[in-house]
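Below: the structure, in structure tokens.
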Amino acid sequence: MKKLFLGLALTAGTLAFAQETQEIKTTTTTTTTTSALKKDVQPVRFGIKAGGNSAYFSAQKFGMNSQKLGFHAGAFVNIPVSKQFSIQPEVLYNQMGARDVISSTPIENGTVKIQDKVTMNYISVPLMVQMRPTEKFYVEAGPEFSYFINGKNKGDVTRTTTTGGITTTTTQSHSEDVDKDQINKFNFGLGLGLGYDITNNIGISARYVNSLTKIDKSRPAAENNNRVFQLGLNYKF
């Protein structure tokens, strides 16, 4: 009888020890796996951004005289897909346009010259793919889809006529809304940029967007699309 009780006790002790060892191994494995995931996967973050624009039309020569200053502002969400890559959709109020937009029309005994500053307001949706070679610095590229809201032409109309050897020049200022019927509502472009995270919440970015669709329906696309440089600050929550 004593041998029977002794055998049962030994068997129970062995089973209890084996179960305890198995629980420790399971707990250790689970903890290690969770830590690795937390280290590699960054959270989705929302943010806001704003900054300045410098825009011109493709038909113009690039230079200070052709640059129309404006701004952009909106919100974004940064979605990491790996440790080095993320996708960032944005929704922006985006000002484009150009300065020193010049056209000349011949009239009887002279010409009419129009020199305008054009403001074009869009709602833009960039979809940027970001790659981080370092923890704080990134480069980005992707498409931008825009919808035209409204615009304005402001400038001078100069009329020059020559009669009897006497040349007369008159200049008159004007301001008028852009004719929406002549403008393509949708604008498609490609963006390329870079950025730097100053802190965990605040960053700075620069981007160039080259539009591929024409602005004015009546003119060829090659000489009739938007170009814009953007420089801004962003804040991640």
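Numbers for the structure displayed
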| quantity | calculated |
| --- | --- |
| Heavy atoms of ARG159: accessible area, 1.4 Å probe, square angstrom to 10 | 120 Å² |
| Probe 1.4 Å, all protein chains present, accessible-area order of PHE188, PHE46, largest first | PHE46, PHE188 |
| Efficiency of FRET from Cβ geometry, PHE71 and SER104, R₀ 25 Å, rounded to 0.05 | 0.20 |
| Residues of region 193-217 with amide N under 20 Å of the 7 Å Cα→Cβ point at LEU231 | 193-199, 202-210 |
| Only Lys, Arg (+1) and Asp, Glu (-1) charged, at Cβ; region 110-203 dipole about Cα centre in debye | 200 debye |
| TYR235 - accessible surface, heavy atoms, 1.4 Å probe, Å² rounded to 10 | 90 Å² |
| For region 131-237: accessible area per residue (Å², 1.4 Å) | 59 Å² |
| Part-to-part distance (alpha-carbon centres) for region 143-166 and region 54-129, which is given in Å | 17 Å |
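The values are calculated or read from the model by the stated rules, or taken from the named source; none is laboratory data. None of the values given here were measured: they were computed from a predicted structure. Heads up, the Cβs are rebuilt from the backbone with ideal geometry, glycines too, and the neighbour counts pull from every protein chain shown. For accessibility, only protein heavy atoms count, side chains too; no ligands or nucleic acids. Shrake-Rupley method; radii C 1.70, N 1.55, O 1.52, S 1.80 Å.
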